[in-house]
1. Out of Arg88, Arg28, Arg129, any idea which swings most in a Gaussian network model of the chain, alpha carbons joined below 10 Å?
2. Under a Cβ-only charge scheme (Lys and Arg +1, Asp and Glu -1), can you give me the dipole magnitude of the chain about the Cα centre, in debye to the nearest 20?
3. Let me check I've understood the local charge: for Pro16, count other residues with C-beta under 9 angstrom from its C-beta, Lys and Arg +1, Asp and Glu -1. What total comes out?
4. Can you give the FRET efficiency to the nearest 0.05 for Arg149 and Glu62, using r as the Cβ-Cβ distance and R₀ = 41 Å?
5. Enter the accessible area per residue of segment 1-145 (Å², integer; probe 1.4 Å; all protein chains in place).
6. In whole percent, and with a 1.4 Å probe on the protein chains, what portion of the accessible area of the chain is carbon and sulfur?
7. Pick from Leu73, Leu55, Leu81 the residue whose mean-square fluctuation is largest in a GNM of the chain, springs joining Cα atoms under 10 Å.
8. For the chain, set up a GNM with springs between Cα atoms under 10 Å and report which of Thr33, Thr101, Thr121 has the largest fluctuation.
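The values are calculated or read from the model by the stated rules, or taken from the named source; none is laboratory data. For clarity, every value in this text was computed on a predicted model and none was experimentally measured. Virtual Cβ from ideal backbone geometry, glycine too; neighbours counted across all protein chains shown. Keep in mind that these areas ignore ligands, DNA and RNA; they rest on the heavy atoms of the full protein, side chains included. Shrake-Rupley method; radii C 1.70, N 1.55, O 1.52, S 1.80 Å.
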Amino acid sequence: MTLLQIWVDADACPAPVRDIVVRAAAKRAILATFVANKPLQLPQSPYITSIQVSLGPDVVDEYIVEHAAAADLVVTQDIPLAARLVQREIVVITPRGDLYTLNNINEALAQRDLMQGLRDTGTVMTSQRAYDDRLKRQFANHFDAELNRLVRNAK
């Protein structure tokens, strides 16, 4: 087993993403930890664990920030959490397969803040596209590529 660990911000994680992470962890003998503020139904495996944190804003985020290490991989759609992690050289990928890096995280934060402001004023009403097979494949491909790169670098 490598020292690399996968962390999943599991509160709003789509089931297909959870399944992909579970299979990858078992296949590569890498620990995957799902962090949520509610109980999770996960398969029994020596490579799968879940942490239930207390309810509250950003409690899951704080747990992941405290425990993730450089060269770990985190799956989250929380852009402020991603910003904190990429500063520490932690690889962050969204459930839609987008990779956050030092080169793009500030733009992602700015866009998030702009859209939040527009939604708050009622100027724009947005909804995310449904999580479909194309997004699942996109996540699986990018997740696999990043995981392979991290495993190679850990050797």
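1. Of Arg88, Arg28, Arg129, the most mobile in the Gaussian network model is Arg129.
2. Values: 17 positive and 18 negative charges, 135 e Å.
Here the size comes out at about 640 debye.
3. Working: positive: Arg18, Lys136; negative: Asp19, Asp133.
After counting each charged neighbour, the total is 0.
4. On the way: r = 27 Å, r/R0 = 0.67.
The computed FRET efficiency comes out at 0.90.
5. Per-residue value: 55 Å².
6. On the way: 4480 of 8750 Å².
With neighbouring chains kept in place, the figure for the chain is 51 percent.
7. Per the Cα network of the chain with a 10 Å cutoff, Leu55 tops the list.
8. In the Gaussian network model the winner is Thr121.
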